[in-house]
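Enquirer: Below is the structure I would like to discuss, written out as structure tokens.
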Amino acid sequence: MEWADEGTIIGLKGHGESAVILEVMTRLHGRHLGLVRGGRSQKTQPLLQPGNRVALTWRARLDEHLGEYRVELLASHAARLMAAPVALYGLATIAGLLRLLPERDPHPALHEGLSVLIEHFDDPALAPALVVRFELAMLSELGFGLDLTRCAATGSTDDLSHVSPKSGKAVSRPAAAPYLDLLLALPAFLIEGQGARRPSPADLMAGFALTGFFLRRHLYEPRGLREPPERARLIELTGRNAESSTD
């Protein structure tokens, strides 16, 4: 068995004295692991860092085997990302989400979303909103997508302001008014046609609260998992950066 693909490294762990098991979100083969012999050498180790984009050749005798990778660096991002705390926590948060996907299950939209994130992870003005959007995409890919296009009560596409925690559907401001304590806030940057707007600090916090609610319900709790601490640190850092930018 052999295939060639490209992807973004999301993790690695040592194997034996000199090898590593590399975890990559690939374009065509999903989240895929493979052995890299000599991966802990001084020459190779700097190339095999989370965030780097690589070209891969995977070989194994049988498809179900771990197999071995031959790796070629396409773009080095790790050093840039390691210098930015928001990028470190963001990448760890996204990597943790991707590990909830079945291994070797293709998700090209998530691969492309991760590529966009990698380009902007070190920009504290852009990264948090992109992480929220990625979390929404993750829910959608796994069959738990939210409907944020029209009001669940009236069918209107105007003045959408909240989301029903029961249905995951948007609710317009007039329809939401009697039930505000039961609904989740819908930040403007997640509404169709308003994605180009720079989110306010309140919008970012509302976005994380919205996706966090559904991630816990559909992904973490059914697996007996807790929300990863890196996500909490990312949210804390986002709030801190937002406060400093308004001082």
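Enquirer: Hey, what's the per residue convex hull volume over the C-alpha atoms of the stretch 53-104, in cubic angstrom?
Expert: Numbers: hull volume 4.4 nm³, N = 52.
Considering the Cα atoms of the stretch 53-104, their hull volume per residue is 85 Å³.
Enquirer: Also, quick follow-up: Taking H placed 1.01 Å from N in the peptide plane, check which residues at least 5 places from GLY34 or on another chain put their amide H under 5 Å from its amide H.
Expert: LEU22
Enquirer: Amide H to amide H under 5 Å from HIS162: which residues, 5+ apart in sequence or cross-chain, H placed 1.01 Å off N in plane?
Expert: VAL171, LEU186
Enquirer: Along the stretch 89-94, what does the Karplus equation 6.51 cos²θ - 1.76 cosθ + 1.60 (θ = phi - 60°) give for ³J(HN,Hα), rounded to whole Hz, x for Gly and Pro?
Expert: Those phi angles translate into 5, x, 5, 5, 5, 5 Hz.
Enquirer: Could the peptides 37-48, 113-124 be put in order, highest first, of the mean number of other beta-carbon atoms found within 10 Å of their residues?
Expert: Averaged packing, sorted descending, gives the order 113-124, 37-48.
Enquirer: Once phi is turned into θ = phi - 60°, what whole-Hz ³J(HN,Hα) does the Karplus curve with 6.51, -1.76 and 1.60 give for every residue of the stretch 157-174, x standing for Gly and Pro?
Expert: Once rounded to whole Hz, the list reads 9, 9, 6, 6, 9, 9, 10, 6, x, 7, 9, x, 10, 5, 9, 6, 4, x.
Enquirer: Enter the angle in degrees (range 0 to 90, nearest 10) between the Cα long axis of helix 229-246 and the first principal axis of the Cα atoms of the chain, meaning the one along which they spread out most.
Expert: Taking the Cα atoms of the chain, the angle to 229-246 is about 60 degrees.
Enquirer: Going by amide H atoms built from the backbone, whose H comes under 5 Å of the H on GLY11, apart from near neighbours?
Expert: Long-range HN contacts for GLY11: GLU23.
Enquirer: Also: Once phi is turned into θ = phi - 60°, what whole-Hz ³J(HN,Hα) does the Karplus curve with 6.51, -1.76 and 1.60 give for every residue of the stretch 97-108, x standing for Gly and Pro?
Expert: 5, 4, 6, 7, 6, x, 4, 6, 9, x, 9, x
Enquirer: Could you work out the percent of alpha carbon pairs in the stretch 1-74 separated by over 16 Å, rounded to a whole number?
Expert: 40 percent
Enquirer: Excluding ALA92 itself, calculate the net charge of residues whose Cβ lies under 12 Å from the Cβ of ALA92, where each Lys or Arg counts +1 and each Asp or Glu counts -1.
Expert: Here the charged neighbours net out to +2.
Enquirer: Just the number please: accessible area per residue for the chain, 1.4 Å probe, all protein chains included, in Å². Spell out each step's value before the answer.
Expert: On the way: 12430 Å² over 247 residues.
Solvent-accessible surface per residue comes out at 50 Å².
Enquirer: Which values of log₁₀ I(q)/I(0), to two decimal places, follow from the Debye formula for the chain at q = 0.15, 0.16 Å⁻¹ with a uniform point scatterer at every Cα?
Expert: Results for the chain at q = 0.15, 0.16 Å⁻¹ read -1.05, -1.15.
Enquirer: Another question, then. Please report, as a whole percent, how much of the solvent-accessible surface of the stretch 1-89 comes from carbon and sulfur atoms (probe radius 1.4 Å).
Expert: After summing per-atom areas, the C and S share lands at 52 percent.
Enquirer: Something else about it: Under the rule a/c < 1.5 gives rounded, and otherwise a/b versus b/c splits prolate from oblate, where does the stretch 102-150 land using the Cα gyration tensor?
Expert: Note, shape of the stretch 102-150 comes out oblate.
The values are calculated or read from the model by the stated rules, or taken from the named source; none is laboratory data. If you're wondering where the values come from, they're calculated on a predicted model, not measured in any experiment. Every residue, glycine as well, gets a Cβ built from its backbone with ideal geometry; the counts of neighbours run over all protein chains shown. Keep in mind that these areas ignore ligands, DNA and RNA; they rest on the heavy atoms of the full protein, side chains included. Shrake-Rupley method; radii C 1.70, N 1.55, O 1.52, S 1.80 Å.
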